Amino acid sequence: MTSASTTDQLTGKDPARVLRRLRGASSGLLVMLIIQFALGSAVSIYITPAEGGFGEAFSNGALLAIHAILGILLLVAAIDLLVRAILAGHRPVTVLSAVGLLAIVGAAINGVVFLKHQHDSASLGMALACAIAMLCYAAIMRIIPSPVRS
């Protein structure tokens, strides 16, 4: 874990507040991933997109479009958490958020491959990458203690 003075120097904020924000961002990512997983499951059951790549995500109905938009938002949120963890100097959270980001990128790549070629292995790749990302963000929540309520 990082020292209080290092955290203060890098972020200019109270160390407890920085940890609360890292935990909150991880919690938000975990919730977004759970929603994304549910949307992806519904997409795989109810939609058969035409082959063609990323553009097909927005031309096959609202469900797939929402799934694609949430994927983009997940990428942005994961990058934000990684930057915050680096600035805080919290190595375990930095490593886990980097792995989580890589898993989200892997899911996105598999999503584009699935839209382009409709390979079942790409669908499985999305699901497994999502599970890895969920595990990373859940582990961050376990590492950072829950704030004490008064």
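The values are calculated or read from the model by the stated rules, or taken from the named source; none is laboratory data. Note that the structure is predicted; figures quoted are calculated from it, not measured. To get the accessible areas, we keep the full protein, side chains included, count just its heavy atoms, and leave off ligands, DNA and RNA. Shrake-Rupley method; radii C 1.70, N 1.55, O 1.52, S 1.80 Å.
A few remarks follow.
- Rolling a 1.4 angstrom probe over segment 61-150 with all protein chains present gives an accessible area of which 74% lies on carbon and sulfur atoms.
- Computed Rg/Rh of segment 89-128, alpha carbon atoms with Kirkwood Rh: 1.19
- Segment 87-97 - phi-based ³J(HN,Hα) in whole Hz, Karplus 6.51/-1.76/1.60, Gly and Pro as x: 4, 6, x, 8, 4, x, 5, 4, 5, 5, 6
- With one equal scatterer per alpha carbon and no solvent term, the Debye-computed log10 I(q)/I(0) for segment 75-150 at 0.11 1/Å reads -0.34.
- Computed on protein heavy atoms with a 1.4 Å probe, the accessible areas place K116, K13 in the order K116, K13, largest first.
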